[in-house]
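**Student:** My questions all concern the structure below.
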Amino acid sequence: MATGISKCPPTPGRTFIQEANVRVGSVILVLWLIIGVIAAAQRGYFKGDDTNCAKTSNTIVTIVAGPLNYVGVNPKVDCNPEVPQPSQ
């Protein structure tokens, strides 16, 4: 009865490499987000008590953009886009 799923046990070396890849990926992700937080702080997005859709969205997008902020990317979000009206 062949199901197409391999029942072979994982090799110890392969498991170690997979775990190492996950760890490296996690470290890169954390560093990426830390750099994004630094960029958002330098742009003053954490100052002041007034929060609105645009400020919150810009802060989140800047954090997610991470190091791209330092190569010229300046993400902005418009919370009031022009929405097409339905035909009548």
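**Student:** Here are LYS7, LYS47: which of them is surrounded by fewer than 10 Cβ atoms within 10 Å (Cβ to Cβ), more than 21 Å from the chain's Cα centre (by Cα), part of a loop (DSSP other than H, G, I, E, B) and modelled with pLDDT of 80 or more? Write out each step before concluding.
**Tutor:** Values: LYS7 fails: modelled with pLDDT of 80 or more.
Answer to the selection: LYS47.
**Student:** Which of the residues belonging to segment 36-63 are touching a residue at least 24 places away in the same chain (Cβ under 8 Å) and closer than 21 Å to ASN80 by Cα?
**Tutor:** ASN52, CYS53, ALA54, THR62
**Student:** Something else about it: Test PRO75 against the criterion of being modelled with pLDDT under 90, more than 18 Å from the chain's Cα centre (by Cα) and not acidic (Asp, Glu), and give yes or no.
**Tutor:** The answer is no for PRO75.
The values are calculated or read from the model by the stated rules, or taken from the named source; none is laboratory data. Remember, predicted model here, so these are calculated numbers, not experimental data. So basically every Cβ, Gly included, is an ideal-geometry build from the backbone, and we count neighbours across all protein chains shown.
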